[in-house]
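Written below as structure tokens is the structure these notes are about.
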Amino acid sequence: MAMKTKKRGKNRLERNDRLVRLALLVIAFSAVSVLLVITVFIVQQGTPIMFKYGLKSFLAGGNWYPSEKVFGLWPMIVGSLFVTAGALVIGVPFGLACAIVLTEFSSKNVRRVIKPIVELLAGIPSVVYGFMGVIILVPFIRQTFGGPGLSVLAASIVLGIMILPTIISISVDSLQAVPPSYREGSIALGATRWQTVKMVLFPAARSGIIASIILGMGRAIGETMATIMIAGNAAEIPRSLLAPVRTLTSNIALEMSYATGEHREALFATGVILFIIIMVLNTVANATSSRRRRQP
């Protein structure tokens, strides 16, 4: 009797385990399915107009006049890349420096206070960053360097600040995940703290650090509200850091509310181009990370 009860209980546990695995599998496939549906919908809505007017003229065209059936995305593509590159130039050095200080050169009490504050910055709405940029940064750039103030430089600075929490948080976790024996061995061999960070900890935590930069890059190139408020939204190729610019995301957000017909399809095509750019940048970053990990 006891054996039958034990066997019945074991069978019930196995059945419950199978049900849990099945439920988790369904949830996982649901998330993938949602992403697939979104991708298919955007591609289905956006690709026909690109092939109708020619992929070359659509991507390399320098003019965007939807009312005249002229859809050239090159100024927005260049603008998105400029703003993203500027945000990375500002955000990556400051983010990594802050992560190093919090991990290696500060006490646990300081880290316990500063890290949650930094992570809290990620929860601030982008419109708040944009508002601060309009009130403080744009007038400062206008008075100091000239130009309209609404520019590539303003957008890069604000986006660089916005990606700091992502880079700092993930980089700190990656550096803390390095085994303590790495630090102890390096110091025992006579290396300084900075030499240990540069020659031992950074290579060991490289994959996590690159992942933080990739996520920050995705946040920068996909940001909409802040760039609408401070970038200037001029659909032309920027000639300097002080020139106004329009990004791909801003182009979609500004015009989708009233777009119809081919204009609406062109905005969906803009989303397709943005999707492809993000995929290419992520692939290149991941390939670079993998190649460095394979190097001795």
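Derivation of every value follows stated rules applied to the coordinates shown; laboratory data play no part. In this text, all values refer to a predicted model and were calculated from it rather than measured experimentally. Using ideal geometry, Cβ is built from the backbone for each residue, glycine included, and neighbour counts are taken over all protein chains shown.
Setting aside same-chain residues fewer than 8 positions from Lys69, which aspartates and glutamates have a Cα under 20 Å from its Cα?
List returned: Glu236, Glu255, Glu262, Glu265.
How far apart, in nm, are two points set 7 Å out from the Cα along the Cα-to-Cβ line at Val26 and at Ile124?
It works out to 4.3 nm between the two label points.
Answer with one residue from Ala85, Leu96, Tyr65: the one whose Cα lies farthest towards the positive end of the charge dipole of region 5-131, charges on Cβ with Lys, Arg +1 and Asp, Glu -1.
Leu96
From the gyration tensor of the Cα coordinates in the chain, what semi-axes in whole Å does the equivalent ellipsoid have, largest first, with each one equal to sqrt(5λ)?
Details: eigenvalues 326, 207, 65 Å².
After scaling each eigenvalue by five and taking roots: 40, 32, 18 Å.
Calculate for the chain the 222 nm mean residue ellipticity that helices alone would give, adding -39,500 (n - 2.57) per DSSP H run of length 4 or more and normalising by residue count, nearest 500 deg cm²/dmol.
Value at 222 nm, helices only: -24500 deg cm²/dmol.
Any idea what angle helix 206-222 forms with the longest principal axis of the chain, computed on alpha-carbon atoms, 0 to 90 degrees, nearest 10?
Helix 206-222 and the main axis of the chain meet at about 30 degrees.
In the neighborhood of Gly61, defined by Cβ-to-Cβ distances under 13 Å, what is the net charge if each Lys or Arg adds +1 and each Asp or Glu adds -1? Kindly include the intermediate steps, with their values, before the conclusion.
Working: positive: Lys56, Lys69; negative: Glu68, Glu236.
In short, 0.
Just add up the charged neighbours of Met50: K/R +1, D/E -1, any other residue whose Cβ is under 14 Å from the Cβ of Met50. List each step's numbers first, then the result.
Values: positive: Lys52, Lys56, Lys69, Arg264; negative: Glu262, Glu265.
Within the 14 Å Cβ shell, the charges total +2.
Going by amide H atoms built from the backbone, whose H comes under 5 Å of the H on Val70, apart from near neighbours?
Tyr65
Relative contact order for the chain: what is it in percent, counting Cα pairs under 8 Å that are at least 6 residues apart?
Details: 365 pairs, mean separation 76.6, N = 296.
Reported as a whole number, the value is 26 percent.
Under a cut-off of 19 Å between alpha-carbon atoms, report the aspartates and glutamates in cross-link reach of Lys115, not counting same-chain residues fewer than 8 places apart.
Cα-Cα hits under 19 Å: Glu104, Asp173.
If you take the beta carbon distance between Val43 and Val70 as r and set R0 to 25 Å, what does 1/(1 + (r/R0)^6) give as a FRET efficiency, to the nearest 0.05?
Details: r = 23 Å, r/R0 = 0.91.
Once the sixth-power term is evaluated, E becomes 0.65.
Expressed in nm to one decimal, what extension gain is obtained for the pair Trp194 and Ala287 from 0.36 nm per residue of sequence separation less their Cα-Cα distance?
Values: separation 93, 0.36 × 93 = 33.48 nm, distance 2.79 nm.
Full extension from Trp194 to Ala287 adds 30.7 nm.
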